[in-house]
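Read through the structure below, which is laid out as structure tokens, and then see the notes.
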Ligand code: PFF
């Protein structure tokens, strides 16, 4: 049975829902630690340039393809060119892989939020707490279930009444929370036992100062690679999600303006997240506190909250609530893409497909949880690191598939159907697409070359 295609009610609804997908754990956790690791302001400058060039090109391409074809990624590419149908299937793989672990991370956030509500949180600041939690058999599965059920419920309610309504409510709340914590973070200070005082403003300097020391070509390329993979993940591009959301956009919406707003939203939240986390970690743990990976938010930050004293608990609750919101709207976009695609493949209702995708998500997420105990193994990755199940999924989807899909999409749009196709969709209502020439140049020449290099590096063929 075919359901009537639903839409976002207006431009703001679309922008908030797309920003809801874009703003997630990537902005709040990954961006700050990459920034700290990759030379503070230097990483910021490189990232901003990439947002304005690659980010804008990839986001415009995805959204315009969605609105023009009014189809999900799975069918949209076949509509652009029958021989390119395979690209739709390839794109579908990314949310299918991300769905396996995103709700697991959402479960970890839910657990920390609940723990801070019911206890004073001192146990969470112990080094071993996080590891013993994720390696336990039952607890991660229970919290993943709570998060997954919430996601499925929002997706089940549909585009306008579910996704749009929740994003309208959650996104402004998230901005307010992040602003309050960021300002609070700047006012912090602590005196060490040796009498030195570290302040939030010094921490801000650590965050923003462009550190060029020891910069070699190899190091620069590594930073570029970090910034590029962060960009994909953060903007949710090249994974069919923005094509799906684009297909819900009404024809009278100004795409160019909406795309700028989504980029500003996503980058703005990442910037504020850095302002919130880096000064606080600097004050209480020094520059060594910026650990990478999950340990930043699940191990370092609880130590910061503990060191804050009485206000630590309430700050922690606000922080994990905000993180939970951000993760929820992102996870919703992943599940919506899977549901919407499957509704088209199987000609079933939203309700039926929500149950089917819900079961798929549940089984795979349980496997990911078990990857930390009963199913524990480590695989070598082409980049030399070893990884267990969750990281393997993350590597295949973000480091491997996304550059490959972007490469193929740029060949299709740049050389097969031509950039005019996208440009005319952006200018559909007579709007002026100011960066049309930049768009054409990037999609034809720059994106394919850079994406191919990224892809080769991720396969290990082109090791840096
Ligand atoms: N863009 C989200 C973030 O920055 O956390 C992550 C994300 C959402 C990635 C949806 C992939 C996805 F399909």
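Being surrounded by 15 or more Cβ atoms within 10 Å (Cβ to Cβ) and within 16 Å of the ligand (Cβ to nearest atom) narrows it down to one residue among 208, 235, 204; which is it?
When all the criteria are applied, what remains is 235.
For residue 49, indicate whether it is surrounded by fewer than 19 Cβ atoms within 10 Å (Cβ to Cβ), free of Cβ contacts under 8 Å to residues at least 60 places away in the same chain and either within 16 Å of the ligand (Cβ to nearest atom) or in a helix (DSSP H, G or I) (or both).
Yes.
Criterion first (within 16 Å of the chain's Cα centre (by Cα) and either within 16 Å of the ligand (Cβ to nearest atom) or part of a strand (DSSP E or B) (or both)) does residue 277 satisfy it? Lay out the reasoning, then the answer.
Values: within 16 Å of the chain's Cα centre (by Cα): no; either within 16 Å of the ligand (Cβ to nearest atom) or part of a strand (DSSP E or B) (or both): yes.
It is false that residue 277 is within 16 Å of the chain's Cα centre (by Cα) and either within 16 Å of the ligand (Cβ to nearest atom) or part of a strand (DSSP E or B) (or both).
Every residue in the range 206-220 that is without any contact (Cβ under 8 Å) to a residue 24 or more places away in the chain and in contact with a strand residue (DSSP E or B) (Cβ under 7 Å, 6 or more places away or on another chain), please.
Those that are without any contact (Cβ under 8 Å) to a residue 24 or more places away in the chain and in contact with a strand residue (DSSP E or B) (Cβ under 7 Å, 6 or more places away or on another chain): none in the range 206-220.
Given the criteria within 16 Å of the ligand (Cβ to nearest atom), surrounded by fewer than 20 Cβ atoms within 10 Å (Cβ to Cβ) and in a helix (DSSP H, G or I), does residue 93 qualify?
When the stated conditions are applied, residue 93 passes them.
Here is a check on your reading of the model: is residue 28 under 17 Å from the mean Cα position of the chain (by Cα), crowded, with 23+ Cβ neighbours inside 10 Å and either in a helix (DSSP H, G or I) or within 16 Å of the ligand (Cβ to nearest atom) (or both)?
Spelling it out, residue 28 is indeed under 17 Å from the mean Cα position of the chain (by Cα), crowded, with 23+ Cβ neighbours inside 10 Å and either in a helix (DSSP H, G or I) or within 16 Å of the ligand (Cβ to nearest atom) (or both).
Name the residue, out of 326, 318, that is over 22 Å from residue 163 (Cβ atoms) and within 23 Å of the chain's Cα centre (by Cα).
Only one candidate passes the filter, namely 318.
State the number of residues belonging to the range 101-156 that are more than 22 Å from residue 317 (Cβ to Cβ) and not in a helix (DSSP H, G or I).
Number satisfying all stated conditions: 4.
For the range 352-366, state whether one or more residues are over 30 Å from residue 13 (Cβ atoms), without any contact (Cβ under 8 Å) to a residue 12 or more places away in the chain, part of a helix (DSSP H, G or I) and more than 16 Å from the ligand (Cβ to nearest atom). First the steps, then the outcome.
Restricting attention to the range 352-366, the residues satisfying the condition of being over 30 Å from residue 13 (Cβ atoms) are 363-364, 366.
If we keep only those that are without any contact (Cβ under 8 Å) to a residue 12 or more places away in the chain as well, we get 363.
Among the residues that remain, those that are also part of a helix (DSSP H, G or I) are: 363.
Still in the list and also more than 16 Å from the ligand (Cβ to nearest atom): 363.
Within the range 352-366, one or more residues are over 30 Å from residue 13 (Cβ atoms), without any contact (Cβ under 8 Å) to a residue 12 or more places away in the chain, part of a helix (DSSP H, G or I) and more than 16 Å from the ligand (Cβ to nearest atom).
Going by the conditions given, is residue 20 closer than 23 Å to residue 327 by Cα and either surrounded by 24 or more Cβ atoms within 10 Å (Cβ to Cβ) or within 16 Å of the ligand (Cβ to nearest atom) (or both)? First the steps, then the outcome.
On the way: closer than 23 Å to residue 327 by Cα: yes; either surrounded by 24 or more Cβ atoms within 10 Å (Cβ to Cβ) or within 16 Å of the ligand (Cβ to nearest atom) (or both): yes.
Yes.
Readers should treat all values here as calculations from the given coordinates under stated rules, not as data from a laboratory. On a predicted model such as this, the values are computed, not experimentally measured, just so you know. Neighbour counts are summed over all protein chains in view; Cβ atoms, including those assigned to glycine, are modelled from backbone coordinates with ideal geometry.
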